[in-house]
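Each remark here refers to the structure printed beneath this line.
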Amino acid sequence: ENRSWFDRLKDGLSKTSANLNIFGTVMLDDDLYDELEMALLTSDAGIEATEQLLYDLREKVGRERLSRPEDIRNALRELLTDMLKPLEKRLEIGRHQPLVMMIAGVNGAGKTTTIGKLARHLQAHGQTVLLAAGDTFRAAAREQLAIWGDRNQITVIAQESGDPAAVAFDAVQSAKAKGIDVVMVDTAGRLPTQLHLMEELKKVQRVIGKGETSAPHEVLLVIDGNTGQNALAQVRAFDEALTLTGLIVTKLDGTAKGGILAAIAKVRPIPVYFIGVGEKIEDLQPFVAEEFTRALLN
Ligand code: GDP
């Protein structure tokens with residue numbers, strides 16, 4: 001299919017849009033704001049972002065004397081863009097050699113897929129990439145990553161031993177020796193019950209720092225955009241443990257919870273480097289607030 005990723009994002013957000021695009025169906029009175037409030041909350045924008053958007057919209061509508069439905073929709077789009085703008089950030093490569101990125105996320109969030117897409121994206125931009133199979137608790141994950149690495153000429157460092165911190169340390173050493181540009185350290189998304197995931201991840205982070213001062217340079221969390229407020233809870237928990245430098249929000253193709261980005265912007269404004277809008281390689285796209293709101297409120 002030839003549809004652009006933007007069309008996929010637009011279609012993907014249509015479940016969210018369907019709720020939000022009430023302009024013209026409701027009169028410009030308290031009903032409109034009530035309906036909008038419901039729609040924003042249903043999209044998992046959260047109370048804080050919803051209240052701010054409604055407050056600002058009422059104010060703007062009054063000040064600019066807006067009454068046509070499309071003007072009000074455009075006003076909301078502008079306000080939402082302003083709210084999301086601080087989340088925009090480009091991933092800067094080349095600041096360190098190697099640049100070490102630790103990638104976290106609960107199982108099923110789309111972490112493995114995203115690492116694959118990102119590795120290929122970096123390769124396409126002339127970067128050499130090395131992966132550390134740090135999810136040593138899922139043997140299948142490690143094997144999958146190794147096969148994938150073979151197919152794409154990307155070195156994957158894995159160990160039978162099962163200490164993720166050791167795998168990460170080895171990977172960084174190996175990258176330094178080989179002059180590799182970017183190291184991506186995959187991590188576990190769930191552990192056998194007795195162990196505490198956050199403690200394990202903090203250890204990986206600490207040990208990476210012993211192998212390379214100031215590393216990891218990026219600590220990224222992959223979240224499933226479909227899980228809305230649940231994803232926000234994950235952002236909070238991982239940020240408290242690891243101090244995240246960025247987010248990647250997957251599965252925005254097909255979610256009714258596209259408002260989650262507003263909640264993130266309002267509650268935990270951690271940069272969103274990329275969004276996932278499908279399972280293909282080109283479906284990992286930089287987050288651009290204006291594009292996102294254009295896809296959402298069209
Ligand atoms: P992990 O457990 O976090 O490593 O998750 P996976 O990478 O295995 O992904 C879980 C499922 O989500 C797989 O079926 C992926 O193809 C799918 N997936 C990942 N990212 C996206 C996305 O942006 N859009 C869609 N539609 N599916 C995705």
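Read-outs throughout are calculated quantities, based only on the coordinates presented, and are distinct from any laboratory measurement. Model, not experiment: these values are computed from the prediction. Positions of Cβ are generated from backbone atoms using ideal geometry, with glycine treated the same way; all protein chains shown enter the neighbour counts.
Taking neighbour counts of Cβ atoms within 10 Å as a proxy for exposure, in what order, fewest first, do 292, 137 appear? Intermediate values should be presented prior to the final figure.
Values: 292 26, 137 19.
Ordered from fewest to most neighbouring Cβ atoms within 10 Å, 292, 137 come out as 137, 292.
For the stretch 180-253, state what percent of all Cα-Cα pairs lands in each successive 5 Å bin, counting from 0 Å until the bin that includes the largest distance.
Final binned percentages: 3, 14, 23, 25, 19, 11, 5, 1.
So if I place +1 on the C-beta of Lys and Arg and -1 on the C-beta of Asp and Glu, and nothing else carries charge, what would the dipole magnitude of the chain be about its Cα centre? I want it in debye, nearest 20.
Working: 35 positive and 42 negative charges, 166 e Å.
Computed charge dipole of the chain: roughly 800 debye.
Using a Förster radius of 22 Å, what is the FRET efficiency between residue 199 and residue 107 based on their Cβ-Cβ separation? Nearest 0.05, please.
Details: r = 18 Å, r/R0 = 0.80.
The formula returns an efficiency of 0.80 here.
Under the definition of Cα pairs under 8 Å and six or more residues apart, what whole-number percent is the relative contact order of the stretch 9-95? The partial results should precede the final answer.
Numbers: 43 pairs, mean separation 22.1, N = 87.
About 25 percent, as a whole number.
What nm value, rounded to one decimal, do you get for the distance between residue 174 and residue 243 when each label is placed 7 Å out toward the C-beta?
2.9
Based on Cβ point charges of +1 for Lys and Arg and -1 for Asp and Glu, what charge dipole magnitude is obtained for the stretch 133-210 about its Cα centre, in debye rounded to the nearest 20?
Working: 10 positive and 10 negative charges, 43 e Å.
Value, rounded to 20: 200 debye.
Suppose each label sits 7 Å from its Cα in the direction of the beta carbon; what would the residue 18-residue 123 distance come out to in nanometres?
Calculated label separation equals 3.8 nm.
Lys/Arg Cβ at +1, Asp/Glu Cβ at -1, dipole of the chain taken about the Cα centre: which of 168, 106, 297 is farthest positive-ward?
Positive-end residue among those listed: 168.
Given 10 °C and 1.306 mPa s, how large is the Stokes-Einstein diffusion coefficient of the stretch 1-112 in µm²/s, with Rh as the Kirkwood radius over Cα pairs?
On the way: Rh = 16.9 Å.
Approximately 94 µm²/s, per Stokes-Einstein.
Using the basic label-point model (7 angstrom from Cα toward the beta carbon), what is the residue 74 to residue 233 distance in nanometres?
The two pseudo-label positions are separated by 4.1 nm.
Contact order normalised by length for the chain, with contacts defined as Cα pairs under 8 Å and 6 or more residues apart; what percent is it?
On the way: 548 pairs, mean separation 88.6, N = 298.
Rounded, it is 30 percent for the chain.
May I ask which residue of 86, 238, 130 lies farthest towards the positive end of the charge dipole of the chain, with charges of +1 (Lys, Arg) and -1 (Asp, Glu) on Cβ and the Cα centre as origin?
Going by the charge dipole, the pick is 130.
When each pair of different Cα atoms in the chain is counted once in the 1/r mean, what is the Kirkwood radius in angstroms, to one decimal? Don't jump to the answer; show the numbers that get you there.
Details: mean 1/r = 0.0498 Å⁻¹.
Final number for the Kirkwood radius of the chain is 20.1 Å.
How do 89, 257 rank when sorted from fewest to most other Cβ atoms within 10 Å of their own Cβ?
Values: 89 15, 257 24.
The fewest-first ordering by Cβ neighbours comes to 89, 257.
What's the magnitude of the charge dipole for the stretch 108-173 around its Cα centre, counting Lys and Arg as +1 and Asp and Glu as -1 at the beta-carbon? Answer in Debye, nearest 20.
Values: 6 positive and 6 negative charges, 71 e Å.
It comes to approximately 340 debye.
Work from the charge dipole of the chain (Cβ charges, +1 for Lys and Arg, -1 for Asp and Glu, about the Cα centre) and give the residue of 115, 254, 53 farthest towards its positive end.
Toward the positive end, the furthest listed residue is 115.
I'd like the FRET efficiency for residue 279 and residue 191, computed as 1/(1 + (r/R0)^6) with the beta carbon distance as r and R0 of 25 Å, rounded to 0.05.
On the way: r = 26 Å, r/R0 = 1.05.
It comes to 0.45.
Would you list 10, 251 from fewest to most Cβ contacts within 10 Å?
On the way: 10 20, 251 24.
If I rank by nearby Cβ atoms, fewest first, I get 10, 251.
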